[in-house]
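The values are calculated or read from the model by the stated rules, or taken from the named source; none is laboratory data. Quick caveat: nothing in here was measured; it's all calculated off a predicted structure. All Cβ positions, glycine included, derive from the backbone under ideal geometry; neighbour counts span all protein chains shown.
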Amino acid sequence: MKRKQREGGLSVSNVLAGGLLLYALSATFLLQAEERRIAPGHGVLQAAIDSAHSGDTLLLTSGVYTGSVNITRSLTLSGNDSSVINGEGSAHVITVSVPDVLIKNLNIQHSGNNLENEDSGIFITDKGDRARIENNHFENNQIGIYLKGPESAIIRNNVIVGSQHHRMNDRGNGIYLWNTPGSIIENNNIRYGRDGIFVTSSRNNVFRGNHLRDLRFAVHYMYTHDSEISNNVSINNHVGYALMFSNHILAKGNQSLGDHERGLFFNFTNNSIIEGNHVSGGTKKCVFIYNANFNQITGNSFEDCQIGIHFTAGSEKNDIFSNAFINNRTQVKYVGTRYIEWSKNGVGNYWSDNAAFDIDDNGIADQPYKPNDLVDQIIWRHPLAKLLLNSPAIQVLKWAQSEFPGIHPGGVTDNAPLMLPPLPKTRSAINGDVSDG
């Protein structure tokens, strides 16, 4: 028995000794970490990085630091509003090739201009796990920030002003992510360039609270799964949110204001929740759904578009209910011959052009709403036929369809249309304009 107690005592002693050793090593590391002020100049920043230790903080004073730099220590790079790192048009301004790097409060300018070489303001390699890029200003870079393979990076509160040169498709993205699971992109202001945030071949990403304007796509998803896009604002882009070849996405609380072509675009997007988004401002198509399946589309507001929702290419088993379709020139364009129902559990959608009655006062119209009749399909195929909308022939055709449902060409039916919009019309103010730098 004594022998066993002695062995047990030795085990506890070993654990205590190990803990003390770990504490001593940590204390030694903290004592070795330094905070150093770096004066501006050419090449001085790279020299300071090369002589630094992991854990050090390099404080950049006001001025211009020229020359590209490669961060090879897990350190903090911090400055102020007048601290400028100028890459002088050569490759990446900053390359991060170690984990646990923090870069904050800097002006990062003038990367190379070669899109094939992925020239970037900050380029983070697959060794740059847990990088944090916060409160920086990016300008005159081909790509603002490129996450190429790191895990759990955080990009927060940055201003990124992209290029206005060349054709839009030849410009770089504001933030580019490739295979960077667990990364968070939040509260950034991004303007100009190609796409605001582009992600491909990734998972478990969160994009939230970003303001994106004057771009091709505000947010562009490709082959990215199990991710969230929430509370972003897209203004004056060609497309707001393009989610393509991606599954299990939560798109919630986003706004598309005055985007030109499409507010929301789902192409081969499956098993996703599209909830509480708002599209308005003269967009050609508030939402375009192409071969997207098993999605829940609810609580959204689609207003003042040429087409409220364009639904095509065999999209199946989508739950579309409790949305508001308000003042769209054409509420629904459905391309297909199947009959599909857009209500769930007795709750449909609100249609501003549905001149309906609610005699029992239960909030549900007494008659189904069918936005896709023969007249609609004729107008889609032959726009000049709009001149005949008030003709007796068109009125007879509409009456015949209502009396003889068998001649209806298929399409969308809402058997429980709402009498009032399910969402409040008030919208929070849009703050933050990156044009002032």
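Structure above, values below:
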| item | result |
| --- | --- |
| Selection within the range 341-355 - of a type outside the set (Gly, Ala, Ser) and either within 18 Å of ASN295 (Cα to Cα) or assigned to a loop (DSSP other than H, G, I, E, B) (or both) | GLU341, TRP342, LYS344, ASN345, VAL347, ASN349, ASP353, ASN354 |
| Elements of type strands (runs of 3 or more DSSP E) in the range 215-273, at least 3 residues being among the aromatic types (Phe, Trp, Tyr) and either crowded, with 24+ Cβ neighbours inside 10 Å or at pLDDT 95 or above (or both) | 217-225 |
| First in the range 32-53 and free of Cβ contacts under 8 Å to residues at least 24 places away in the same chain, second anywhere and surrounded by fewer than 12 Cβ atoms within 10 Å (Cβ to Cβ), Cβ under 8 Å, 6 or more apart | HIS53/GLN32 |
| Single residue of LEU264, LEU257, LEU212 found to be under 28 Å from ALA131 (Cβ atoms), in contact with a strand residue (DSSP E or B) (Cβ under 9 Å, 6 or more places away or on another chain) and among the hydrophobic types (A, V, I, L, M, F, W, C) | LEU212 |
| Residue among PHE311, PHE294 that is modelled with pLDDT of 95 or more and among the hydrophobic types (A, V, I, L, M, F, W, C) | PHE294 |
| Residues of the range 320-366 classified as surrounded by fewer than 17 Cβ atoms within 10 Å (Cβ to Cβ), among the charged types (D, E, K, R) and touching a residue at least 12 places away in the same chain (Cβ under 8 Å), total | 6 |
| Subset of the range 103-114 (residues that are in a loop (DSSP other than H, G, I, E, B) and under 22 Å from SER183 (Cβ atoms)) | ASN105, LEU106, SER111 |
| Output for the range 274-311, where each listed residue is among the aromatic types (Phe, Trp, Tyr) and either touching a residue at least 40 places away in the same chain (Cβ under 8 Å) or surrounded by fewer than 22 Cβ atoms within 10 Å (Cβ to Cβ) (or both) | TYR290, PHE294, PHE311 |
| Any hit, the range 117-124, residues being in a loop (DSSP other than H, G, I, E, B), within 18 Å of GLY89 (Cβ to Cβ) and not acidic (Asp, Glu) | yes |
| Residues satisfying the stated conditions in the range 176-194, i.e. under 10 Å from the mean Cα position of the chain (by Cα) and either aromatic (Phe, Trp, Tyr) or closer than 12 Å to GLY144 by Cβ (or both) | ILE185 |
| Answer from ASN141, ASN157 - the residue that is over 18 Å from ILE235 (Cβ atoms) and either of a type in the set (Ser, Thr, Tyr) or surrounded by fewer than 24 Cβ atoms within 10 Å (Cβ to Cβ) (or both) | ASN157 |
| Count - residues of the range 103-139 that are of a type in the set (S, T, N, Q), modelled with pLDDT of 95 or more and closer than 27 Å to SER82 by Cβ | 7 |
| Subset of the range 326-340 that is in a strand (DSSP E or B) and either touching a Cys at 6+ places or on another chain (Cβ under 8 Å) or more than 17 Å from ALA355 (Cβ to Cβ) (or both) - its residue that is modelled with the lowest pLDDT | TYR339 |
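Condition check ((1) without any contact (Cβ under 8 Å) to a residue 60 or more places away in the chain; (2) closer than 17 Å to ASN267 by Cα; (3) aromatic (Phe, Trp, Tyr)) across all residues:
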| position | (1), (2), (3) |
| --- | --- |
| GLU151 | yes, no, no |
| VAL159 | no, no, no |
| THR180 | yes, no, no |
| GLY196 | yes, no, no |
| ALA218 | yes, yes, no |
| HIS225 | yes, yes, no |
